[in-house]
Amino acid sequence: MAVLTADRPKTAARAPKRPRRFSPVLLAFVLVPLVVEGFWVFWPALQGFYLALTNWDGVSAPTFVGAGNFAEMFSDDIFKTAALDTVIWLVLFGGLSAVGGLALATLLQKERRGVGFYRAALFTPVVFSLVATSLIWQVSYQPDGVVNKVLGAVGLGSWQHAWLADPKTALYAVLVPALWRQLGYVMVLYLAGLKGIDPALYEAAKLDGATAWQQFRNVTWPQLRSVNSVVLSVIIIDSLRSFDVIWSMTKGGPYHSSEVLSTYMYATAFQSLRLGYASALAVVIFVLAFGVIVTYLVRAFREDS
């Protein structure tokens, strides 16, 4: 039996690859921001990590002390107070702004007459300077200020006192203007997320007889998962860098009762001139923020997958 065989066509010699060329404009758009970011952000950050391992007064040469600054924190009573106040601030500021922002967005998501006015009124404090906001509230908290006058008018005269001068109420009094400003910002983030939910999901839930709470739990909340990640990141970052409102109103006092890590870091660096110890405090703030955000994002990505 004859077998017909055909010669395989010879493969054409492959042309040598030409080196890939990038447009100079494209390279400029990539490299210039990278150089600027590296010079103004990453290089100072690396310098901060190095200074955290030194003892430096800002004038003389830094002295390497290893982990001595971090070990000193365990015996620093002011650091312990500032760390506890930071946790309280993070829980109250973060929790109340997230819950309040979501509640306001849920109430104001439907288009009806006058809803634009309320949205604008709630967002207006966001555009104010935090220092200006703090000064307004500082005047309101004075013994003869608006807060005490309102309390007296509604029959709560026994509650009248100097809110910012009392160590028991100073931290919570400072928290109010920070929340007043943050609620509108979180509300806008949640409003954007609620607008992106498909109305057909709610119609299907109503056909199945779902109550309002079941619609929120099974439709609204899962659809807001990506927004929650953004809100959590914003809240944690804003909580840990809440410096200006506290410094403008109490400077961490009285008796460190409203001291948080950011104000303690500033006072240590620029009043006590202990820049090495202040850099160690900055590293602690960075680790707290980075750790919480990464933990939540990893958990959210695992749930999505």
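The values are calculated or read from the model by the stated rules, or taken from the named source; none is laboratory data. Keep in mind the model is a prediction, meaning the values are calculated, not measured. Glycine also receives a Cβ, built like all others from the backbone with ideal geometry; neighbour counts cover every protein chain displayed. Each accessible area value is taken on the protein alone, full model and side chains, heavy atoms only, with ligands, DNA and RNA left out. Shrake-Rupley method; radii C 1.70, N 1.55, O 1.52, S 1.80 Å.
Some observations on this one:
- Against the test of being under 18 Å from residue 102 (Cα atoms) and open to solvent by 30 Å² or more (accessible area, probe 1.4 Å), the options 232, 224, 288 yield a single qualifying residue, 232.
- Qualifying position, being part of a loop (DSSP other than H, G, I, E, B), of a type outside the set (A, V, I, L, M), open to solvent by less than 20 Å² (accessible area, probe 1.4 Å) and touching a residue at least 24 places away in the same chain (Cβ under 8 Å), among 253, 276: 253
- Cβ-Cβ distances below 6 Å connect the following pairs, each with a first residue in the stretch 136-164 that is touching a residue at least 12 places away in the same chain (Cβ under 8 Å), a second residue that is open to solvent by 60 Å² or more (accessible area, probe 1.4 Å), and a separation of six or more residues or different chains: 148/160; 162/143.
- Output for the stretch 53-77, where each listed residue is surrounded by 11 or more Cβ atoms within 10 Å (Cβ to Cβ) and assigned to a loop (DSSP other than H, G, I, E, B): 53, 56, 57, 58, 62, 65, 76
- Residue within the stretch 86-100 that is assigned to a loop (DSSP other than H, G, I, E, B), surrounded by 14 or more Cβ atoms within 10 Å (Cβ to Cβ), modelled with pLDDT of 85 or more and in contact with a Ser or Thr (Cβ under 6 Å, 6 or more places away or on another chain) present: no
- Residue pairs whose Cβ atoms lie under 8 Å apart, separated by 6 or more positions or on different chains, with the first residue in the stretch 199-211 and touching a residue at least 12 places away in the same chain (Cβ under 8 Å) and the second open to solvent by less than 100 Å² (accessible area, probe 1.4 Å) and charged (D, E, K, R), do not occur.
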